[in-house]
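Colleague: Sharing a structure, written as structure tokens. Questions coming.
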Amino acid sequence: MQDIAIIFDLDGTLVDTAPDIHDTLNHTLRLAGRATLDLAQVRDLIGQGARALLQKGLIVTGGMPESEKFEELVTIFFDYYLSHLSDRSRPFDGVVAALEAFQAEGARMGVCTNKSIQFATPLLENLDLSRFFSATTGGDSFAVKKPDAGHITGTLDLMGHNGGRAFMIGDSINDILAARNAGIPSVAVSFGYTETPVHELGPDHIIDHFNELFPLIKSL
């Protein structure tokens with residue numbers, strides 16, 4: 001597998017980050033005088049980064065405040081989340097074993113997430129996952145982000161991938177479209193953060209558990 005590059009989304013794919021994001025959003029909403037949201041609601045809002053998540057949370061709880069107030073709330077959200085990145089976030093079942101299997105076979109691996117890099121990097125370090133990846137890029141690492149193909153191709157470049165096969169593993173329409181735009185196959189996990197079931201989003205492959213990923217990639 002030394003000629004293979006595997007790119008992973010982070011939230012809802014490698015790590016179940018929803019509990020800490022849920023806590024952070026509700027902390028911010030309370031300070032804004034808004035109602036809080038339940039975990040299921042927040043899971044469906046994840047995917048475009050923290051600013052977009054907060055914006056969506058404010059819209060569904062009463063509407064957007066003025067620009068200056070919104071920026072204050074963004075700062076509150078960022079500060080709180082940085083202090084609580086991995087309180088309750090954990091890798092999904094089977095993730096570590098799959099990453100170890102790919103690493104043992106010499107596959108190159110990277111993370112391509114719309115999460116800000118200031119959150120993505122320490123989260124992976126806190127959960128002892130950074131050791132598997134030759135590159136991690138966030139939604140603010142380039143001038144573009146998923147579903148733009150440039151986010152994937154930029155990540156592949158940083159991984160040192162020079163040709164050969166590449167795969168995108170994710171949970172949302174952004175991951176699937178980014179893979180399609182970059183001309184690489186997509187593998188969607190069925191347990192991630194998407195309001196629309198992944199089988200309706202048109203991925204090339206779907207897995208229901210991470211123990212299915214290594215044999216799938218090896219068979220392709």
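Colleague: Can you tell me which residue among LEU158, LEU124, LEU129, LEU177 is touching a Pro at 6+ places or on another chain (Cβ under 7 Å) and under 13 Å from VAL111 (Cβ atoms)?
Modeller: Numbers: LEU158 fails: touching a Pro at 6+ places or on another chain (Cβ under 7 Å); LEU124 fails: touching a Pro at 6+ places or on another chain (Cβ under 7 Å); LEU177 fails: under 13 Å from VAL111 (Cβ atoms).
The conditions single out LEU129.
Colleague: Looking only at residues in the stretch 203-220 that are within 12 Å of PHE102 (Cβ to Cβ) and not charged (D, E, K, R), which one is farthest from the chain's Cα centre (by Cα)?
Modeller: Of all residues in the stretch 203-220, those within 12 Å of PHE102 (Cβ to Cβ) come to 210, 213-218.
Checking which are not charged (D, E, K, R) leaves us with 210, 213-217.
Working: PHE210: 15, LEU213: 17, PHE214: 19, PRO215: 22, LEU216: 21, ILE217: 20 Å.
The extreme case among them is PRO215.
Colleague: Something else now. For THR36, only one of the following conditions fails: (1) hydroxyl-bearing (Ser, Thr, Tyr); (2) part of a helix (DSSP H, G or I); (3) surrounded by 14 or more Cβ atoms within 10 Å (Cβ to Cβ). What is its number?
Modeller: Among (1) hydroxyl-bearing (Ser, Thr, Tyr); (2) part of a helix (DSSP H, G or I); (3) surrounded by 14 or more Cβ atoms within 10 Å (Cβ to Cβ), the lone unmet condition for THR36 is (2).
Colleague: Any idea which of ALA52, ALA104 is modelled with pLDDT under 95 and either surrounded by fewer than 16 Cβ atoms within 10 Å (Cβ to Cβ) or touching a Cys at 6+ places or on another chain (Cβ under 6 Å) (or both)?
Modeller: Every option except ALA52 fails the conditions.
Colleague: For VAL95, only one of the following conditions fails: (1) in contact with a Ser or Thr (Cβ under 9 Å, 6 or more places away or on another chain); (2) surrounded by fewer than 19 Cβ atoms within 10 Å (Cβ to Cβ); (3) more than 20 Å from HIS27 (Cβ to Cβ). What is its number?
Modeller: (2)
Colleague: In the stretch 3-33, how many residues are assigned to a loop (DSSP other than H, G, I, E, B) and within 24 Å of ASP93 (Cα to Cα)?
Modeller: Here is the first cut: in the stretch 3-33, the residues assigned to a loop (DSSP other than H, G, I, E, B) are 3, 9-10, 12-14, 17, 32-33.
Keeping just the survivors that are within 24 Å of ASP93 (Cα to Cα) gives 9-10, 12-14, 17.
The number of residues fulfilling the criteria is 6.
Colleague: Scan the stretch 95-115 for residues that are among the hydrophobic types (A, V, I, L, M, F, W, C) and assigned to a helix (DSSP H, G or I) and report the count.
Modeller: Just the residues of the stretch 95-115 that are among the hydrophobic types (A, V, I, L, M, F, W, C), to begin with: 95-99, 101-102, 104, 107, 109, 111-112.
Checking which are assigned to a helix (DSSP H, G or I) leaves us with 95-99, 101-102, 104.
Residues meeting the conditions: 8.
The values are calculated or read from the model by the stated rules, or taken from the named source; none is laboratory data. Computed from a predicted model, the values in this text were never measured in an experiment. Reconstructed Cβ throughout: ideal geometry from the backbone, glycine too, with neighbour counts over all protein chains shown.
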